[in-house]
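Undergrad: Please read through the structure below; I'll follow up with questions.
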Amino acid sequence: MNLILFTKKLLHNKIVRFFLVSGLNTIFGYGLFALLIYLGLHYTLACFIGTIAGILFNFKTIGTIVFKNNKNSRIFRFFGVYGITYLCGTGALALFIYFGVNVYIGGVILLLPMGLFAYTLNHFFVFNNTGSLFAKFKREGKIKN
């Protein structure tokens, strides 16, 4: 298979695009954080500004590049997914640490499962193009009023 065709086929896969865009988002977020530190901001303020700007940047890139969806009304769901993945990832890392796993190793172990978890939440609750999952369950009679 020719390299260009292989690359096109690979980039057609949403999960591959998700991880590639996540890498871009990491570079943006950390780059902004580092720039703010360089400009003299306190690390707490740099972290706060970097996180908020990163979430907004991530929302646009993940929405448009990965899920082909640019509906700004979904930003609150996106923040919710960020909150859920943060809590789950931090909780899982705390368990690793409790059982004696080095924090760096635990973080590396969690990269792929947390990435897949974030992708799944974004796919079903933020950027689905068929309405919310809850509306789908209601239509199917799985949820009553």
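Undergrad: Dipole of the chain, Cα-centred, from +1 at each Lys and Arg C-beta and -1 at each Asp and Glu C-beta, to the nearest 20 debye? Before the final figure, lay out each step's value.
TA: Working: 14 positive and 1 negative charges, 172 e Å.
The dipole magnitude comes to about 820 debye.
Undergrad: Can you count the Lys pairs in the range 1-135 whose Cα atoms are under 18 Å apart, with each pair 8 or more apart or on different chains?
TA: Working: Lys8/Lys68; Lys9/Lys68; Lys14/Lys60; Lys14/Lys68; Lys14/Lys71; Lys60/Lys68; Lys60/Lys71.
Close lysine pairs found across the range 1-135: 7.
Undergrad: To the nearest 10 degrees, how steeply does helix 103-121 sit against the main Cα axis of the chain, on a 0 to 90 scale?
TA: It works out to around 30 degrees.
Undergrad: Moving on to the next point. Once you have a ≥ b ≥ c as the square roots of the Cα gyration tensor eigenvalues for the chain, tell me rounded if a/c is under 1.5, and otherwise prolate or oblate according to whether a/b is larger than b/c.
TA: Numbers: a/c = 1.43, a/b = 1.26, b/c = 1.13.
Note, shape of the chain comes out rounded.
Undergrad: While we're on this one: Going by alpha carbons, how many degrees (0 to 90, nearest 10) lie between the helix axis of 75-98 and the longest principal axis of the chain?
TA: 60 degrees
Undergrad: With label points built 7 Å along Cα→Cβ from the Cα atoms of Leu112 and Phe48, find their separation and express it in nm.
TA: 3.8 nm
Read-outs throughout are calculated quantities, based only on the coordinates presented, and are distinct from any laboratory measurement. All values reported here derive from a predicted model rather than from experimental measurement. Cβ: placed from backbone, ideal geometry, glycine included. Neighbour counts: every protein chain shown.
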